[in-house]
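Here's the structure, in structure tokens; my notes come after.
Derivation of every value follows stated rules applied to the coordinates shown; laboratory data play no part. This is a predicted model, so every value here is computed, not measured. Neighbour counts are summed over all protein chains in view; Cβ atoms, including those assigned to glycine, are modelled from backbone coordinates with ideal geometry.
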Amino acid sequence: MSVDKALELRSFLQGMPETLAIAEAVLDVWPGHASYLLKGMQARSDAILRATEVAAAASRRLMAGEEPRFAADYRWTCDRLRDEELFFHREGRYRLGSFSEAWREVYSDHQYMARYVNGLLLSQFLWYNHAATFEMFLNRVIAVASEDFDYLEVGPGHGLMVYFAAQAFRARTLEAWDVSEVSLRDTASALDQLAIKRPVALRQIDILNAGEPERRFDLIVISEVLEHLEDPGAALSFLRLALRPCGRIFVNVPLNSPSPDHIFLLESPEQARGLAEAAGFRIETMELFATQGARIDRALANRVSVSVGMILTVGT
């Protein structure tokens, strides 16, 4: 069965050489994953498939010919996630509940973090819900900008979103914040590998303990960060102060998504909406993407991970 699915996956990805190259590396270390990958790919619209290939191409530049190592780390990461899922479905909560716990178990372990971050890079385009929110960022956040904008990203990670924001003709300035100096060094290294041609100001800022923002931005992105925070509502309230009156903020946050370093659990779209509105935002767009393109109602009923993409403006 896995052999048949692998052949079907290869056939499906024939027009997507960058994605296929990484899928091949994954299948070399994890042949049984073919069925999962195929189902997630077949669920994608043409727009999401195009975004998948774009993200895969940039990610291969970051891998610098080491696809087998990244593929092995991806499988290792999925094993860690499976352990967290078992706990979540048994206990009904995330295993960790504070940043100090996440620091002790995950962030302070540099060997663990290196493998984990490598694995998560592949998830950005191999997982349906991650690829779908990335397509939303590309086509309904960046591409629709009609005026020049100053861009801020909180928690830039591998720098993929910053990189694509820098390609936008309307992008005037680019800035990225992270609480971790180590993470910012990793982001700087990634941006060097991606050969980004515009300056990006990287700043160490803890938005939960910062004072008034020093400047304001037209477009703010905070993707897969809120679930790592003890008080995501306070983070959004701070970012509201950093947003210009006519600006927009793109929020990507998961529901029911256990991971080794996730500490804040959102269980429903209503909770995500409430978090945004309580911080003073108006929801312009809200889209939901479940794992492998599953029906949203079924995913919520079974507590399967759903990514929430929200484009917010300042409420009136």
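Estimated from helical segments only, the mean residue ellipticity of the chain at 222 nm is -15000 deg cm²/dmol, where each DSSP H run of four or more residues counts as -39500 (n - 2.57).
Annotation: average projected area of the chain is 15.3 square nanometres, based on the convex hull of Cα atoms across all directions. Note on the range 87-143: Cα convex hull, mean projected area over all directions, 5.7 nm². When restricted to Cα atoms, the range 18-62 yields an Rg and a Dmax of 10.9, 29 Å, respectively. Dipole magnitude for the range 127-314: computed about the Cα centre from +1 point charges on Lys and Arg Cβ and -1 point charges on Asp and Glu Cβ, it is near 520 debye. Note on the range 127-314: Cα Rg divided by 2.2 N^0.38 Å, N the number of residues, gives 0.98.
Evaluated with a Cβ-only charge set (Lys, Arg +1; Asp, Glu -1), the chain carries a dipole of roughly 560 debye about its Cα centre, given to the nearest 20.
Across the range 49-194, the relative contact order, built from alpha-carbon pairs under 8 Å that are at least six residues apart, equals 25 percent.
Subtracting the Cα-Cα distance of D297 and N209 from their residue separation scaled by 0.36 nm leaves 28.0 nm.
Farthest towards the positive end of the charge dipole of the chain, among the residues A72, L241, V141, is the Cα of V141, using unit charges on the Cβ of Lys, Arg, Asp and Glu. Fully extending the segment from R282 to A195, taken as 0.36 nm per residue of separation minus the present Cα-Cα distance, adds 27.7 nm. Multiplying the residue separation of S35 and L86 by 0.36 nm and removing their Cα-Cα distance gives an extension gain of 16.3 nm. Measuring between their Cα centroids, the range 100-166 and the range 35-67 lie 14 Å from each other.
Across the range 157-167, coupling constants 3J(HN,Hα) worked out from phi with the 6.51/-1.76/1.60 Karplus curve, θ = phi - 60°, read x, 6, x, 4, 5, 4, 4, 6, 5, 5, 7 Hz, and Gly and Pro carry x.
Across the chain, Cα pairs under 8 Å and at least six residues apart give a relative contact order of 18 percent. According to the square roots a ≥ b ≥ c of the eigenvalues of the Cα gyration tensor, what is the shape class of the range 45-150, taking rounded for a/c under 1.5, prolate for a/b larger than b/c otherwise, and oblate for the remainder? Taking the square roots of the gyration eigenvalues as a ≥ b ≥ c, the range 45-150 is prolate.
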